[in-house]
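Just below is one structure, and these are the notes that go with it.
Nothing in this text is a laboratory measurement; each read-out follows from the coordinates by a stated rule. Just so it is clear, the structure is predicted and the values come from calculations on it, not from any experiment. We place every Cβ from the backbone using ideal geometry, glycine too, and count neighbours over all the protein chains shown.
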Amino acid sequence: MKKYVLKRLLSLLPTIFIVSVVIFLLVHLTPGDPAAAMLGEDATQADIAALHAKLGLDDPLLVQYGRWIGNCLRGDFGMSTSVVGKPVLEMIASHFQPTILLAVYSMLITMLIALPCGMIAARKRGTAADYTVSVVSMLGISLPSFLMGLGLVLLMAVWLRLLPASGYKNPFVDGFLPFLRYMTLPALSLGFIHAGYMMRMTKASMLEVLGSDYIKMARSKGVPERCITFKHAFRNAQLTVITVIGQGFISALAGAAVVERLFNIPGMGSLMVDSIEKRDYQVIQAITLLIAMLNVLINLVIDLIYGAADPRIRLE
């Protein structure tokens, strides 16, 4: 296991390198001038040119990339150009917790909705329950998160006045219950999308397993249907579900920007949108690289869970 983890970590280095190059080029080739954005509309060309020289934006892209990636390897992601004197790492650290908590909460909601519904649809194939789950899953896949969020705000915050429409409460400072009240609507908006996809994948995996010979043998021996579903069928269908959960968490991290802006949550998504508007290259690059690294590490964790969940898989 240790040898496998070491090999996988070493194999991640080329991936991270390629991702960093793509991120750097995409950010620097997009239209917009960070120096002009910093100085405002009244800035003269001389002021912009001086700031270019100060920030090193006049250097060739290869030199700028080498300087940036070298600093990143030392744990220095530079200084923000939109907030003068503010280290990028400090800005990300202050916005990291809300995004991670939102992603975790949304995935918990996703699993609570999708796993039971997917198993019910597989057991009750061709019935009204199956058709209902299919319709709900299609709605989850089709509805964008911002539209789902607006609908939930209208229903739960405006009409029923059960939950706040926007804002954020730190669970470690303000308490867990206020955190749940403020984060339930955003988590539902984000989680319902992934729930639709997870329902379909759970149902498909369960149907494949339920049609196996050993399931037919268990039924012929009189094994209770509940035992067949949970102990035998779902246990052998869980590898697909694990993959969907991992990919859903990655998608929740990457797609949190829209939900965070809609519900006024001070997470990395909101910081990313603000940085794009202000052409803050350092923050954009750092957040994108961080999400890419989390993506790669989560995939590694999924592979390790595979080895623990299925003894037939050998990690070498």
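If I fit a long axis through the Cα atoms of helix 45-55 and take the longest principal axis of the Cα atoms of the chain, what angle between them do I get, 0 to 90°, rounded to 10? That works out to roughly 60 degrees. Close amide H partners of M79, meaning residues 5 or more places away or on another chain with modelled amide H under 5 Å apart, are V88. Comparing the chain with the 2.2 N^0.38 Å rule of thumb, its C-alpha radius of gyration ratio is 1.21 (two decimals). Sorted ascending by nearby beta carbons within 10 Å, beginning with the fewest, F179, F230 become F230, F179. Summed over qualifying helices (DSSP H, 4 residues or more, each -39500 (n - 2.57)) and divided by its residue number, the chain shows a 222 nm mean residue ellipticity of -24000 deg cm²/dmol. Applying the Karplus relation 6.51 cos²θ - 1.76 cosθ + 1.60 with θ = phi - 60° to the range 94-102 yields 3J(HN,Hα) values of 6, 10, 6, 4, x, 5, 5, 5, 5 Hz, where x marks Gly and Pro. As a proxy for reagent exposure, K278, K3, K231 were ordered by neighbouring Cβ count within 10 angstrom, fewest first; the result is K3, K231, K278. Dipole magnitude for the chain: computed about the Cα centre from +1 point charges on Lys and Arg Cβ and -1 point charges on Asp and Glu Cβ, it is near 1900 debye. For the range 33-192, the square roots a ≥ b ≥ c of the C-alpha gyration tensor eigenvalues yield an a/c of 1.5 or more together with a/b exceeding b/c, which makes the shape prolate. Let me check I've understood the local charge: for I92, count other residues with C-beta under 15 angstrom from its C-beta, Lys and Arg +1, Asp and Glu -1. What total comes out? Net of charged neighbours comes to -4. Listed from fewest to most Cβ neighbours within 10 Å, the set S20, S270, S134 follows the order S134, S20, S270. Taking θ as phi - 60° and the Karplus parameters 6.51, -1.76 and 1.60, the scalar couplings of the range 196-202 work out to x, 5, 5, 4, 5, 5, 5 Hz in sequence order, x denoting glycine and proline.
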